[in-house]
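The structure under discussion appears below in the form of structure tokens.
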Amino acid sequence: MADDKTFTQAEMDSIIEGRLAREREKYADYDSLKDKAGKYDEMQAKGKTDLEKEKEKSSSLEAELNKLKKADTVRQAREKVAKDTSVPVELLTGEDEETCKKQAEAIMKFAKPKSYPGTRGNRGRATEHHEKDDAMREFARQIFGKGE
């Protein structure tokens, strides 16, 4: 057994120290690389956050633009129907032209009753005569004159 060699504790310590020194040399810049990797991860997270903020801002602006476009379309439909039917645009609340037309028709139907108060259809008589109105007529004649 010529291969078997015995070492003293000092020799073993020396061999181990040499081995450890070589390993430490391999990873001498480990702390530096670890710091750089941490900073890189931090920058990535910050960049992602900035990107997400910009995406949210973009989405918000796009939603506002769509809202304004819809409001303009609704306004144009209401103005067109108001012009075509002579119904004030303020009375129309529909979101599209068809709904506004139906509203305008209903408003026109309501605004033009079949007979006006104090009239009897279309038989030629303009107003009904009530005796209780005679006192008011006399009062009006006194204020404004005889009307003759």
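The values are calculated or read from the model by the stated rules, or taken from the named source; none is laboratory data. All of these numbers come straight from a predicted model, not from anything done at the bench. Reconstructed Cβ throughout: ideal geometry from the backbone, glycine too, with neighbour counts over all protein chains shown.
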(request) Select from the range 29-53 the residues that are small (G, A, S) and surrounded by 10 or more Cβ atoms within 10 Å (Cβ to Cβ) and list them in ascending order. (result) A37, G38, A45, G47
(request) Inspect all residues belonging to the range 112-119 and state whether any of them is assigned to a helix (DSSP H, G or I) and aromatic (F, W, Y). (result) no
(message) Tell me whether the range 122-129 contains one or more residues that are modelled with pLDDT under 90, more than 26 Å from the chain's Cα centre (by Cα) and either on the phi > 0 side of the Ramachandran plot or part of a helix (DSSP H, G or I) (or both).
(response) yes
(request) Would you check if T85 is at pLDDT 65 or above, surrounded by 12 or more Cβ atoms within 10 Å (Cβ to Cβ) and either among the hydrophobic types (A, V, I, L, M, F, W, C) or farther than 24 Å from K67 by Cα (or both)? (result) yes
(request) Assess whether L65 counts as being among the aliphatic types (A, V, I, L, M), over 30 Å from A104 (Cα atoms) and either at pLDDT 90 or above or surrounded by 10 or more Cβ atoms within 10 Å (Cβ to Cβ) (or both). (result) no
(request) Name the one entry in A10, A82, A106, A45 that is assigned to a helix (DSSP H, G or I) and touching a Cys at 6+ places or on another chain (Cβ under 9 Å). (result) A82
(message) Being without any contact (Cβ under 8 Å) to a residue 40 or more places away in the chain, in a helix (DSSP H, G or I) and among the charged types (D, E, K, R): is that true of E95 here?
(response) no
